[in-house]
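Student: Next up is a structure, given as structure tokens.
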Amino acid sequence: MKFLVTGANGFVGKPLCEELLARGHAVKGAVRTPLPLADHVEAVVVGDIDGGTDWQRALEGVDVVIHLAARVHVMRDDAVDPLAEFLKVNLQGTENLAHQAAHAGVKRLVYASSVKVNGEQTAGDEVFTESDTANPQDPYGVSKWQAEQALRRIASETALEFAIVRPPLVYGPGVKGNFISLFKAVGQGVPLPLAGARNARNLVYVGNLVDALIACATHPAAAGQTYLVRDGEEVSTASLVKKIATALGRADRSFYFPPGLLRAAAALLGRSAQIDRLFGSLRVNDAKIQRELGWVPPYTLEQGLRVTADWYIKQ
């Protein structure tokens, strides 16, 4: 099969292209500007992604598109109208690509969405599933949800199949944001007041996400479906810190600090959102993709953290 991967030079795009090549597929990589890609990946420069992007050359001869490129969630968005900026790329850009893919005779488009379509957190015994009512709570999540709806509409009007994957936090070599900040803190031996975090979160290692995306691209049963994916176990923030310390060969120096007092202090400093992520839960149910596609994550959480730690140490 011949694949087009958008965002081919990104955190997920690079290992996805490499894995597709390893499995014997031909790969085109769409990028905004000329950049070197993996050997044997045909690079196609498409410029900025929005409602006017010309995908004709990139789509020639392609069987399946895996659409990763997006305006991603950021902690401090300085755009005057963040929602408009997210919609321009994530909704209008996806709609435009899907229409052109259908016109070019592409069989299937796999869309990398986000668990943020379900919501920000789970409470108590709650677990996110694909059948939940969508509850996006920020511009990024809203744009992803609207893009999902657009794909369903286009698929109903054309011969283009779609499959949607909603990952939780993705980690692995090249990870950025809060996850790499946690790695740095543990690696530097910084005492963290996280031993009292008894939450439950699901993550997904980038190698597991890549495997799930390929399953959704190639399995006949994935057509028209939405899937949540995760590593095979839940982890509290306190347990995650211990596992990161083990992967880095460092001592876990986290200590107990009353979560209520920590939340109060964070509120005074305007850091409540960060504390919510550290002490809140986000659980997802991946039974559907296991049942329908026979997919199970090929890597454990410990294996994913070890690969991430090896990459981090080399940096």
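Student: Multiplying the sequence separation of ASP132 and ASN178 by 0.36 nm and subtracting their Cα-Cα distance, what value in nm do you get?
Tutor: Result: 13.9 nm gained on full extension.
Student: While we're here: If I fit a long axis through the Cα atoms of helix 259-268 and take the longest principal axis of the Cα atoms of the chain, what angle between them do I get, 0 to 90°, rounded to 10?
Tutor: Approximately 70 degrees, to the nearest 10.
Student: In the range 2-166, what % of DSSP beta bridges are antiparallel (nearest 5)?
Tutor: The antiparallel proportion sits near 0 percent.
Student: How high is the FRET efficiency between ARG198 and THR158 when r is their beta carbon distance and R₀ equals 51 Å, given to the nearest 0.05?
Tutor: 0.60
Student: I've got another one for you. What 222 nm value per residue comes from the helices of the chain, counting each DSSP H run with n ≥ 4 as -39,500 (n - 2.57) and dividing by all residues, nearest 500 deg cm²/dmol?
Tutor: Taken over the chain, the calculation gives -12000 deg cm²/dmol.
Student: When only C-alpha pairs under 8 Å and at least 6 residues apart count, what is the relative contact order of the chain, in percent?
Tutor: 17 percent
Student: How far apart, in nm, are two points set 7 Å out from the Cα along the Cα-to-Cβ line at ALA251 and at LEU21?
Tutor: 4.4 nm
Student: While we're here: Straight-line reach from LYS116: which lysines have a Cα under 21 Å away, not including same-chain ones fewer than 8 places off?
Tutor: Hits, sequence-local ones excluded: LYS88, LYS144, LYS176, LYS288.
Student: A follow-up question, please. Just tell me which aspartates and glutamates come within less than 20 Å, Cα to Cα, of LYS314; anything on the same chain fewer than 8 places away is out.
Tutor: Excluding near neighbours in sequence, the set is GLU302.
Student: Based on alpha-carbon atoms only, what is the radius of gyration of the range 233-315 relative to the globular estimate 2.2 N^0.38 Å?
Tutor: Output field value: 1.40.
Student: Using only the C-alpha atoms of the range 1-152, find the volume of their convex hull and express it per residue in Å³.
Tutor: Spread over its residues, the Cα hull of the range 1-152 gives 131 Å³ apiece.
Student: Give the Rg (one decimal place) followed by the Dmax (whole number) of the range 88-196, computed from C-alpha coordinates and expressed in Å.
Tutor: Looking at the range 88-196, its Cα Rg and Dmax stand at 17.9, 56 Å.
Student: What is the angle, in °, between the Cα long axis of helix 237-248 and the longest principal axis of the Cα atoms in the chain? Nearest 10 is fine, range 0 to 90.
Tutor: The angle comes out near 80 degrees.
Student: Related question: For helix 206-218, report the angle its Cα long axis makes with the longest principal axis of the Cα atoms of the chain; keep it between 0 and 90° and round to the nearest 10°.
Tutor: Around 30 degrees separate the two axes.
Student: Per residue, what volume in Å³ does the Cα convex hull of the range 133-221 take up?
Tutor: Enclosed volume per residue, from the Cα hull, is 155 Å³.
Student: Another question, if that's okay. Compute log10 of I(q)/I(0) for the range 262-303 with the Debye formula, placing one identical point scatterer on every Cα and leaving out solvent, at q = 0.32 Å⁻¹, to two decimals.
Tutor: So the normalised log intensities work out to -1.02.
Student: Where in the chain lies the longest segment free of chymotrypsin sites (Phe, Trp or Tyr not before Pro) that are both loop residues by DSSP (not H, G, I, E, B) and have at most 12 other Cβ atoms within 10 Å?
Tutor: 1-254
Student: Here is a further query. Between the range 224-292 and the range 129-205, how far is it from one alpha carbon centroid to the other, in angstrom?
Tutor: Spelled out, the Cα-based centre of one part sits 12 Å from the other.
Student: Between ASP54 and ASP78, how high is the FRET efficiency from 1/(1 + (r/R0)^6) when r is the Cβ-Cβ distance and R₀ = 45 Å? Nearest 0.05.
Tutor: Using R0 = 45 Å, I get an efficiency of 0.95.
Student: Could you please report the charge total around LYS2, scoring K, R as +1 and D, E as -1 over all other residues with beta-carbon less than 10 angstrom from its beta-carbon?
Tutor: Charge balance in the 10 Å sphere: -2.
Student: Let me ask something additional. Evaluate the distance, in nm, between pseudo-label points positioned 7 Å from the Cα of VAL296 and of GLN188 along their respective Cα→Cβ axes.
Tutor: 4.0 nm
Student: Given the Cα-Cα distance of ARG306 and ALA264 and 0.36 nm per residue of separation, how much length would full extension add, in nm?
Tutor: 11.7 nm
Where a number appears in this text, it was derived from the coordinates with a stated rule and is not lab data. A quick note: this is a predicted structure, and the numbers were derived from the prediction, not measured. In this analysis, Cβ positions are derived from the backbone assuming ideal geometry, glycine residues included, and neighbour counts consider all displayed protein chains.
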